[in-house]
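Chemist: Before I ask anything, let me first share the structure, which is written out below as structure tokens.
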Amino acid sequence: MNSIIYDVIIIGAGASGLVCARECARRGQKTLVLEKEASAARKILVSGNGRCNLTNSRVSPAYYYGNTELLHSALENFSYQTAYAYFTDLGLLLVEEGLGRVFPATGKSTAVAETLKLAVWEAGAQILTSTEAIRVKKGELFTVTVANGERFAARKLVLACGSCAYPQAGGTQRGYELAKMLGHSVNTPRPALSGICLKETAFSRLTGIRSQVRLTVLENNRVLDCAEGEILFTNYGINGPAALNVSSTVSHTLKHGNVAMEINFFPQLADGTAFLKARAERYTNRKPKDFFAGILHENLANLLIDFIGLRKTIPVGSQTPNTLNQMCRIPCRWPVTATALRPWNEAMVATGGVKTTEINYNTFESLKCPNLYITGELLDVDGKSGGFNLHFACASGFTAAAALSKEN
């Protein structure tokens, strides 16, 4: 057993763990961070395609899936304005881009990772890398056993281990296992912010094509979720921002079987069907391929023509009434079927995790095990694409640290 008794041990040196460590240490607590990887902040380095979208000016519970009370509490404690000032105070120069996304001005995620690690070191916390916690036990103190058999003791423990998403950057099941050792329940983690596999294999003809759409998720003709933005067609289905932003809903709904979706290729129009009907009346002598010229990608138009069964050599004005009706309706409500999400090594986050009903909303302290705190992606909270997940990780770590210091 290591002879030092720490005030706080934090397992995990991601965004949540590093913010929590810095805040605990600067309040005078003897703080140790245990990180299984060879370096801290691995997931920060790969976030935002290596640019690190660390927050968003639109941050609110509406952009998350999870317990609303917990989200309200965390985002009140660590709002967008707080986050912006916090990282600026650490020495980061930030820039806001479209859709409220905030990045380091350098355009490199290393700026965020290195700044956070430096802040933790300057505050006086210790980080041990290549040190994987494999067992935790609660007695008078918390005892953490690591892979080489060494044990560490602390009065308080923070699980900031992250989820099992993106294993190539450190994602693992270990955090769920540790939480269960201390009495917690876990909602089965599922991939989120990941590409969506479609039943309709014909869409593979569009591989590599990007399109601005409105994507709707349905269940028994009821709208479950909707996102507007770009999708990228792939050999398995769809990816891109709009697909990612409905992927958590799709992931949850897949528990009950395949999921119905619709793609609207004219999201910028109030009534795309009326637009196409008016166009058909104006260009009655155009053949189908020419009719779609200028409004749809050629390959997409060809797939639509085949899907509907339009006669390619006949002008649109001479098509059957039913076929003409479908030509105007389908591009605005093209039905597709989600069969799965892409695997963990392509998922940016997980939906599912430690049940938030077992967590104090105001402090992130466990309701099952006193003096245990659980933060970040290990919890059953996940956000949409655009910096929301990293913001919540920081918010939960910040909130937990404030609660820890008050009790001391």
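The values are calculated or read from the model by the stated rules, or taken from the named source; none is laboratory data. These figures come from a predicted structure and were not determined experimentally. Please note: Cβ atoms are built from the backbone with ideal geometry, for glycine as well, and neighbour counts cover all protein chains shown.
Chemist: Got at least one residue in the stretch 279-289 being surrounded by fewer than 22 Cβ atoms within 10 Å (Cβ to Cβ), of a type in the set (Gly, Ala, Ser) and closer than 24 Å to GLN326 by Cα?
Modeler: So far as the stretch 279-289 goes, yes, one or more of its residues are surrounded by fewer than 22 Cβ atoms within 10 Å (Cβ to Cβ), of a type in the set (Gly, Ala, Ser) and closer than 24 Å to GLN326 by Cα.
Chemist: Where in the stretch 37-133 are there strands (runs of 3 or more DSSP E), lying wholly inside it, with at least 3 residues that are touching a residue at least 40 places away in the same chain (Cβ under 8 Å), farther than 18 Å from THR399 by Cβ and not β-branched (Val, Ile, Thr)? Talk me through it step by step, then tell me what you get.
Modeler: Details: elements: 94-96, 101-104, 126-128.
Answer list for the stretch 37-133: 101-104.
Chemist: Here's a follow-up. Quick check: is even one residue across the stretch 90-103 surrounded by fewer than 16 Cβ atoms within 10 Å (Cβ to Cβ) and in contact with a Lys or Arg (Cβ under 8 Å, 6 or more places away or on another chain)?
Modeler: First, pick out the residues of the stretch 90-103 that are surrounded by fewer than 16 Cβ atoms within 10 Å (Cβ to Cβ): 90-91, 93, 95-99.
Then drop every residue that is not in contact with a Lys or Arg (Cβ under 8 Å, 6 or more places away or on another chain), which leaves 99.
Scanning the stretch 90-103, I find at least one residue that is surrounded by fewer than 16 Cβ atoms within 10 Å (Cβ to Cβ) and in contact with a Lys or Arg (Cβ under 8 Å, 6 or more places away or on another chain), so the answer is yes.
Chemist: Looking for something of a type in the set (A, V, I, L, M), out of contact with any Pro (no Cβ under 8 Å at 6 or more places or on another chain), surrounded by fewer than 23 Cβ atoms within 10 Å (Cβ to Cβ) and in the same structural domain as SER396 (by TED's automatic domain parsing) - is there at least one such residue anywhere in the stretch 7-20? Even if it seems obvious, please write down each step before you answer.
Modeler: As a first pass, look at the stretch 7-20 and keep what is of a type in the set (A, V, I, L, M): 8-11, 13, 15, 18-19.
Checking the rest, the ones that are also out of contact with any Pro (no Cβ under 8 Å at 6 or more places or on another chain) come to 8-11, 13, 15, 18-19.
Going one step further and asking which of them are surrounded by fewer than 23 Cβ atoms within 10 Å (Cβ to Cβ), we end up with none.
No, the conditions are met nowhere in the stretch 7-20.
Chemist: From the set of residues in the stretch 156-194 that are among the small types (Gly, Ala, Ser) and in contact with an Asp or Glu (Cβ under 6 Å, 6 or more places away or on another chain), which is modelled with the lowest pLDDT? Spell out how you get there, then give the answer.
Modeler: Of all residues in the stretch 156-194, those among the small types (Gly, Ala, Ser) come to 160, 162-163, 165, 169-171, 175, 179, 183, 185, 192, 194.
Among the residues that remain, those that are also in contact with an Asp or Glu (Cβ under 6 Å, 6 or more places away or on another chain) are: 162-163, 170, 192, 194.
Values: GLY162: 95, SER163: 96, GLY170: 91, ALA192: 95, SER194: 96.
Per the criteria, the residue is GLY170.
Chemist: Residues to consider are SER73, SER79; find the one that is among the hydroxyl-bearing types (Ser, Thr, Tyr) and surrounded by fewer than 19 Cβ atoms within 10 Å (Cβ to Cβ). First the steps, then the outcome.
Modeler: Values: SER73 fails: surrounded by fewer than 19 Cβ atoms within 10 Å (Cβ to Cβ).
Only one candidate qualifies: SER79.
Chemist: Being over 17 Å from ARG174 (Cβ atoms) and surrounded by fewer than 24 Cβ atoms within 10 Å (Cβ to Cβ) is the filter here, so list the residues in the stretch 370-383 that pass it.
Modeler: Correct list: PRO370, ASN371.
Chemist: Write out, first by first residue and then by second, each pair whose Cβ atoms fall under 8 Å of each other, whose residues are 6+ apart or on separate chains, and whose first residue, in the stretch 378-397, is under 13 Å from SER247 (Cβ atoms) while the second is buried (at least 24 other Cβ atoms within 10 Å of the Cβ) and of a type in the set (Val, Ile, Thr).
Modeler: Matching pairs, first to second residue: ASP382/VAL349; ASP382/THR351; GLY383/VAL349; ASN389/VAL349.
Here's the yes/no breakdown for (1) in contact with a Leu (Cβ under 6 Å, 6 or more places away or on another chain); (2) under 18 Å from LEU99 (Cβ atoms); (3) surrounded by 21 or more Cβ atoms within 10 Å (Cβ to Cβ):
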| residue | (1), (2), (3) |
| --- | --- |
| LEU198 | no, no, yes |
| ILE209 | no, no, no |
| THR216 | no, no, no |
| GLU219 | no, no, no |
| ARG222 | no, no, no |
| TYR236 | no, no, no |
| PRO241 | no, yes, no |
| GLY257 | no, no, no |
| ALA260 | yes, no, no |
